[in-house]
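Structure record follows, encoded as structure tokens.
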Amino acid sequence: QVQLVESGGGLLQAGRPLRLSCAASGRTFSSLFMGWFRLAPGKEREFVAAGSWRGGSTYYADSVKGRFTISRDNAKNTVYLQMNSLKSEDTDVYYCAARSTGRTNYDYWGQGTQVTVSS
């Protein structure tokens with residue numbers, strides 16, 4: 001199986017940048033598709049960004065296009081979510097997830113990291 005550990009969340013002012021990290025361990029990651037999601041109490045889970053571990057096309061929710069960037073560091077087995085120009089509406093718990101290429105459902109999830117953006 002794959003284990004995911006997120007870090008990098010915190011409290012910051014609107015307009016500032018923040019980078020979230022997702023450290024992966026376990027089986028080989030070459031066939032995995034990675035995603036970032038966010039969730040707030042009383043709301044449905046929202047897709048944020050995704051991309052294959054090997055590289056290639058990336059995908060972003062309309063609400064974060066131009067502000068967020070997903071990337072990876074193969075040497076560190078880590079996926080990043082760079083968040084720029086943060087808004088108060090970005091306040092959520094952010095989760096890293098992984099699924100096998102070709103599958104719809106994400107099978108592996110991190111514990112989540114809290115991001116709070118003050119106005």
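Worth pointing out:
- Length released on extending from residue 105 to residue 77, taking residue separation times 0.36 nm less the Cα-Cα span: 7.9 nm
- Compactness ratio for the chain: Cα radius of gyration over 2.2 N^0.38 Å (N = residue count) comes to 1.00.
- Loop-resident GluC sites (Glu not before Pro) (DSSP state other than H, G, I, E or B) in the range 1-84 with no more than 10 further Cβ atoms inside 10 Å of their Cβ: 44.
- Residue-by-residue Karplus 3J(HN,Hα) for the range 67-77, coefficients 6.51, -1.76, 1.60, Hz, glycine and proline x: 10, 10, 9, 9, 8, 8, 10, 4, 5, 9, 6
- Spacing of the modelled spin labels on residue 52 and residue 69, each 7 Å from Cα toward Cβ, amounts to 2.1 nm.
- Ligands, DNA and RNA left out, the accessible area of the chain computed with a 1.4 Å probe is 45% carbon and sulfur.
- Order by protection proxy (mean Cβ within 10 Å, highest first), peptides 69-82, 50-63: 69-82, 50-63
- Per residue solvent-accessible surface (Å²) - the chain, probe of 1.4 Å: 54 Å²
- Ranked order, 45, 67, 27 - accessible area, probe 1.4 Å, largest first: 45, 27, 67
- Extension gain, residue 44 back to residue 89 (0.36 nm per residue minus Cα-Cα distance, nm): 14.8 nm
- Evaluated at q = 0.16, 0.20, 0.29, 0.30 Å⁻¹: base-10 log I(q)/I(0), Debye formula over Cα of the range 1-54: -0.65, -0.93, -1.25, -1.26
- Classification of the range 78-119 by its C-alpha gyration tensor yields a prolate form. The axis ratio a/c (a ≥ b ≥ c) is 1.5 or more, and a/b outweighs b/c.
- Under the Karplus curve 6.51 cos²θ - 1.76 cosθ + 1.60, θ = phi - 60°, whole-Hz ³J(HN,Hα) for the range 7-19, x wherever Gly or Pro sits: 7, x, x, x, 10, 8, 8, 4, x, 8, x, 8, 10
- Alpha-carbon centroid distance for the pair the range 25-59 / the range 1-21, whole angstrom: 14 Å
- Assuming charge only on the beta carbon of Lys and Arg (+1) and of Asp and Glu (-1), the dipole of the chain about its Cα centre is about 280 debye to the nearest 20.
The values are calculated or read from the model by the stated rules, or taken from the named source; none is laboratory data. As the structure is a computational prediction, the values presented were derived from the model and not from experiment. Here the Cβ is made from the backbone with ideal geometry for all residues, glycine too, and neighbour counts use every protein chain on show. Remember, those area values only see protein heavy atoms, side chains included, never the ligands or the DNA or RNA. Shrake-Rupley method; radii C 1.70, N 1.55, O 1.52, S 1.80 Å.
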